[in-house]
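Accompanying notes for the structure given below.
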Amino acid sequence: QVQPVESGGGLVQAGASLRLSCAASGRTFGSYAMGWFRQAPGKEREFVAAINWSGSSTVYANSVKGRFTISRTNAKNTVYLHMNSLKPEDTAVYYCAQRAVSIPSRMSNDYTNWGQGTQVTVSS
């Protein structure tokens with residue numbers, strides 16, 4: 001499997017917005033669920049959002065619900081994480097991950113192909 005590649009991270013002030021992108025390769029990208037996870041310094045990796053193969057079903061962590069939106073464009077083999085109203089506690093490395101099935105999951109162990117991550121830093 002080719003590793004997904006995240007982009008779009010950066011340093012922003014609280015209240016700002018960012019859009020992360022994750023480009024994955026393969027003709028089967030449109031068949032699989034995708035997820036976003038994050039890991040802050042000294043903390044375990046945590047679930048952020050996930051989306052099914054078609055984009056018709058999404059799930060979110062309570063901490064980001066209403067502020068973050070996950071979406072995908074299968075024609076471009078890309079999944080996005082739109083982040084609004086960012087808070088300092090959103091600071092983390094954000095990882096994109098791919099499942100081998102079409103249904104999204106909150107569990108990191110359900111994902112088999114991970115990107116290297118992109119840093120998001122939110123200053124107060």
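Entry comment: accessible area of the range 1-63 is 54 Å² per residue, from protein heavy atoms only and a probe of 1.4 Å. Each Lys and Arg Cβ is given +1 and each Asp and Glu Cβ -1; about its Cα centre, the chain then shows a dipole of about 220 debye.
Springs between alpha-carbon pairs under 10 angstrom, Gaussian network model over the chain: which of Ser25, Ser56, Ser105 fluctuates most? Maximum fluctuation in the GNM of the chain, among the listed residues, is at Ser56.
For Val48, the shell of other residues with beta-carbons less than 11 Å away shows a net charge of +3, using +1 for Lys and Arg and -1 for Asp and Glu.
Straight Cα distances below 30 angstrom link Lys76 to the lysines Lys65, Lys87, with same-chain residues fewer than 8 positions distant left out. Ranking Ala100, Ala75, Thr58 by how far each Cα lies toward the positive end of the dipole of the chain (charges on Cβ) leaves Ala75 at the top.
Counting protein heavy atoms only, the chain has 48 percent of its accessible area on carbon and sulfur, 1.4 angstrom probe.
The values are calculated or read from the model by the stated rules, or taken from the named source; none is laboratory data. Only a predicted model underlies this, so the values are computations on that prediction, with no experimental measurement involved. Ideal geometry is used to build each Cβ from the backbone, glycine not excepted, and the neighbour counts take in all protein chains shown. For accessibility, only protein heavy atoms count, side chains too; no ligands or nucleic acids. Shrake-Rupley method; radii C 1.70, N 1.55, O 1.52, S 1.80 Å.
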